[in-house]
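Inspection log for the structure reproduced underneath, given as structure tokens.
The values are calculated or read from the model by the stated rules, or taken from the named source; none is laboratory data. Bear in mind that the values here come from a model prediction, so they are computed numbers and not experimental data. Positions of Cβ are generated from backbone atoms using ideal geometry, with glycine treated the same way; all protein chains shown enter the neighbour counts.
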Amino acid sequence: MLLACSSLFIALTGCHPSPDQIGETVKGSMQSTFDKDPNFVNYHFKVDNVVATKKDDSNYEGVATVEYQGAPHQVPVHITVDSKDMANWKTDPGALDFAAQ
């Protein structure tokens, strides 16, 4: 079962990052994880886009479009931003299982 998670710092231009900023930052972090983590590197995932939607002050739900072997897959992403503008993201267990089939 494939599960991914990471923490990252969001560079802010104002007091709170916008959902678009969070989506772009998470996209970069996901791609970096997929490119460097030995659990994912052999799959050659490409993160095309992450759309983040604010749930409350610190929680966002996202959908990442992840390309695998030329086909796009929609992957739910859970994002939490803390008071120091650190963002943690994770996927649901099995969210990347399309690659293991």
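Restricting the range 45-101 to residues that are aromatic (Phe, Trp, Tyr) and farther than 16 Å from GLY23 by Cβ leaves a set whose member that is surrounded by the most Cβ atoms within 10 Å (Cβ to Cβ) is PHE45. For the range 18-42, the set of residues classified as small (Gly, Ala, Ser) and free of Cβ contacts under 8 Å to residues at least 60 places away in the same chain consists of SER18, GLY23, GLY28, SER32, listed by residue number. Among the residues of the range 52-69, those that are within 20 Å of ASP35 (Cβ to Cβ) and either of a type outside the set (Phe, Trp, Tyr) or not in a strand (DSSP E or B) (or both) comprise GLY62, ALA64, THR65, VAL66, GLU67, GLN69. Each residue in the range 70-101 was checked for being under 23 Å from LYS54 (Cα atoms), out of contact with any Cys (no Cβ under 8 Å at 6 or more places or on another chain), in a strand (DSSP E or B) and not small (Gly, Ala, Ser), and 10 pass.
Annotation: of all residues in the range 52-69 being over 16 Å from ALA95 (Cα atoms) and touching an Asp or Glu at 6+ places or on another chain (Cβ under 9 Å), the one that is modelled with the lowest pLDDT is SER58. The residue of the range 32-44 that is surrounded by the fewest Cβ atoms within 10 Å (Cβ to Cβ), among those that are among the aromatic types (Phe, Trp, Tyr) and modelled with pLDDT of 95 or more, is TYR43.
For the range 6-31, filtered to residues that are touching a strand residue (DSSP E or B) at 6+ places or on another chain (Cβ under 8 Å) and among the polar types (S, T, N, Q), the residue that is modelled with the lowest pLDDT is SER7.
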